[in-house]
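Student: Here you go, one structure.
The values are calculated or read from the model by the stated rules, or taken from the named source; none is laboratory data. In this text, all values refer to a predicted model and were calculated from it rather than measured experimentally. Please note: Cβ atoms are built from the backbone with ideal geometry, for glycine as well, and neighbour counts cover all protein chains shown. Only protein heavy atoms, including side chains, enter the accessible area calculation; ligands, DNA and RNA are left aside. Shrake-Rupley method; radii C 1.70, N 1.55, O 1.52, S 1.80 Å.
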Amino acid sequence: MTSNLNITAKTFKSFHRPSQPVVLANVYDGISAKTVASLPTSKAIATASYAIAEAAGTSDDALTLEENIRATKIIASVIKESGKPLTVDIQDGYGEQLEDCIKQVIEAGAVGVNLEDFDKGEKQFYSPDDAVDRIKRVLATATALGVPDFVVNARADALIYGGALDEVVSRGQAFLAAGATTVFVMGPMDRPVPGSLTKEEIAKLVEAFEGRVNVSLGAFTSKEVAALGVSRISVGPGLQFAALGAIKNAAEQILDV
């Protein structure tokens, strides 16, 4: 199984091309995954831990590995026939459960993960060396399980916590050197579009990472962001927010008697 899975991993990795990015409409349960996977324009399926937590009735910070894997297995099962690669948001890797997390993710059928560099348990950043070591541990575990081309989308979250872009660049370059396919960068959460980056910031990251950068869509269109040279675009819980808005509007009409 893992040899076939590595073929899928290679395919997914090949989708990450600067200026021709893989665009991901992040899912969070069976029906959202089934819907996105059915679209011809959807090349791969990605989860969003925030949205998975909300769908499970908990918070992103409280989401356990077990809850995340439960959702991952459901999503993997409904997209299996599509043959599309699956990548999973594993937050910070659940501390010392990191290797077990990767094992369970691969057993579920996924070929990539998002991995944060902020330790949620200790409420502080992993040191650059520790963050690099965790990326290497992910890849070593995946290789041992027969998926050497496993895709790590390594988050460099300094901007979210008040840090500087230079820190993001320094950490991100180290993550790429450790084997990450891309560096995922989000902006401060107090911006009009929380977590968004400016075009100037994206351009600097593209230059620093040679295009190997993932950004959230923010206030721009996919075409606008792609033109800046990134290799991956995602929307986090954006799809869930849109769905909830539609549900609310429909419910209001139904309940208006």
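Student: All other residues with a Cβ under 14 Å from the Cβ of Lys204 taken together, and with Lys, Arg as +1 and Asp, Glu as -1, what is their net charge?
Tutor: Result for the local shell: -4.
Student: Any idea how far the Cα center of region 23-61 sits from the one of region 183-257, in Å?
Tutor: Answer, in whole Å: 14.
Student: Next question. Scan around Gly112 for amide H atoms under 5 Å from its own, H built in the peptide plane at 1.01 Å from N, and keep only partners 5 or more places away or cross-chain.
Tutor: Val88, Val151
Student: Shifting gears a bit: Along each principal axis of its Cα atoms, how long is region 4-255 end to end? Whole angstroms, biggest number first, please.
Tutor: 54, 41, 36
Student: Please list, in chain and number order, the residues 5+ apart from Arg17 or on another chain whose amide H is under 5 Å from its amide H, with Hs placed from the backbone.
Tutor: Under 5 Å from the amide H of Arg17 lie the amide H atoms of Val22, each far enough along the sequence or on another chain.
Student: So, for region 4-255, what is the accessible surface per residue at a probe of 1.4 Å, expressed in square angstrom?
Tutor: On a per-residue basis, region 4-255 sits at 45 Å².
Student: Rounded to the nearest angstrom and ordered from largest down, what semi-axes does the equivalent ellipsoid of region 115-257 get from its C-alpha gyration tensor (root of 5λ)?
Tutor: Equivalent ellipsoid of region 115-257: 31, 19, 16 Å, largest first.
Student: Report the extension gain between Asn4 and Lys43 in nm, rounded to one decimal, defined as 0.36 nm multiplied by the number of residues separating them, less their alpha carbon distance.
Tutor: So the extension gain works out to 12.3 nm.
Student: How far is it, in nm, from the label point at Glu252 to the one at Ala227 when both lie 7 Å from their Cα along the line to the Cβ?
Tutor: The modelled label-to-label distance comes out at 3.4 nm.
Student: Do any trypsin sites (Lys or Arg not before Pro) in region 121-159 lie in a loop, going by DSSP, with at most 10 other beta-carbon atoms within 10 Å of their beta carbon, and if so which?
Tutor: Sparse-neighbourhood loop trypsin sites (Lys or Arg not before Pro): Lys123.
Student: What percentage of all Cα-Cα pairs in region 1-73 are separated by more than 15 Å?
Tutor: Summing the P(r) tail past 15 Å for region 1-73 gives 62 percent.
Student: Another question, then. Which lysines have a Cα lying under 30 Å from the Cα of Lys223, excluding residues fewer than 8 positions away in the same chain?
Tutor: The qualifying lysines are Lys10, Lys13, Lys34, Lys43, Lys80, Lys84, Lys199, Lys204, Lys248.
Student: Quick one: pull the percent of accessible area on the chain belonging to carbon and sulfur, 1.4 Å probe, ligands and nucleic acids left out.
Tutor: Answer for the chain: carbon and sulfur cover 55 percent of the accessible area.
Student: Which whole number of Å³ per residue matches the convex hull of the alpha-carbon atoms in region 45-134?
Tutor: 84
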